[in-house]
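Encoded as structure tokens, the structure appears first; notes follow it.
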Amino acid sequence: MESNEFHTVRGYQLLEQEKKLLTSAMEDYLEMIYRNIGNEGYMRINTLAEMLNVRPSSATKMVQKLFQKGFVEYEKYGIITLTEKGKALGEFLLKRHNIIEKFLSSIGIRDNLLIETELIEHNLSIDTLRSIDQLNSFFEEYPEILKKFKQYRSMKK
């Protein structure tokens, strides 16, 4: 690797952001909307704001951005629904979250599992995500290997 190929963490994030359709924050909102619609069939601004621990005005601004990009349908003071495009991306975002959370749990992460998952999920390439998913499947198919890893880990503490 040549020296001009290195960047700061923020530099790599900015390079990746240029390739992404949505910002990390937009992804979080869309994932939460998808989760709630899956449970209740719809989403309201106040519910979204509560779930993400933000002010309703912040949630409104973000939903308006998602509306402009064609991911949600939204009317002021009304309910939020997903477009087909929003459903597809929301499903992917939730699956990505679950893959990472399952992997971290498998390797013994207990403290701050949600925080760790949230911090990692926005910074992985599709190839890396696929590899983690394959490793999760491998551990399911060969639980004795995962058991050996856990034994090894407990010996190293």
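What follows draws every value from the coordinates through simple rules; no lab data is involved. Nothing here was measured: the structure is a model prediction, and the numbers come from that model. For neighbour counting, all protein chains shown are included, and Cβ atoms are generated from backbone atoms with ideal geometry for every residue, glycine included.
Brief remarks on what is shown
- The chain: angle of helix 143-155 to the longest principal axis, Cα-based, in degrees nearest 10: 80
- Here the Karplus curve 6.51 cos²θ - 1.76 cosθ + 1.60, taken at θ = phi - 60°, turns the phi angles of segment 121-128 into couplings of 4, 8, 10, 10, 6, 4, 4, 5 Hz, with x standing for Gly and Pro.
- Hull shadow area, averaged, segment 94-155 [alpha-carbon convex hull, nm²]: 4.3
- The calculated 222 nm mean residue ellipticity attributable to helices in the chain amounts to -22500 deg cm²/dmol, summing -39500 (n - 2.57) over DSSP H runs of n ≥ 4 and dividing by all residues.
- Simple label model, 7 Å out from Cα along Cβ direction - PHE67 to GLU141, nm: 4.7
- Checking the Cα-Cα distances for LYS102/LYS156; LYS102/LYS147; LYS69/LYS102; LYS65/LYS85; LYS61/LYS95 against a 20 Å cut-off, the pairs over it are LYS102/LYS156; LYS69/LYS102; LYS61/LYS95.
- Between 0 and 90°, nearest 10: helix 9-19 axis offset from the chain longest Cα axis: 60
- Highest-MSF residue in the chain out of PHE67, PHE139, PHE103 [GNM, Cα springs under 10 Å]: PHE139
- The GluC sites (Glu not before Pro) found in segment 38-76 that occupy coil by DSSP, while having at most 16 further C-beta atoms within 10 Å, are GLU75.
- Nonlocal amide H pairs with MET43, under 5 Å, H built at 1.01 Å: ILE80
- The charge dipole of the chain, taken about the Cα centre with unit charges on the Cβ atoms of Lys, Arg (+1) and Asp, Glu (-1), comes to about 340 debye, rounded to the nearest 20.
- Length available on full extension from THR81 to MET51: 0.36 nm per residue minus the Cα-Cα distance, which gives 9.2 nm.
- Springs between Cα atoms under 10 Å define the GNM used for the chain, and in it the highest mean-square fluctuation of ILE107, ILE99, ILE45 occurs at ILE107.
- Among LYS85, LYS95, LYS76: highest mean-square fluctuation, GNM of the chain, C-alpha pairs under 10 Å: LYS76
- Label-point separation, PHE149 to ILE115 (7 Å along Cα→Cβ), nm: 2.3
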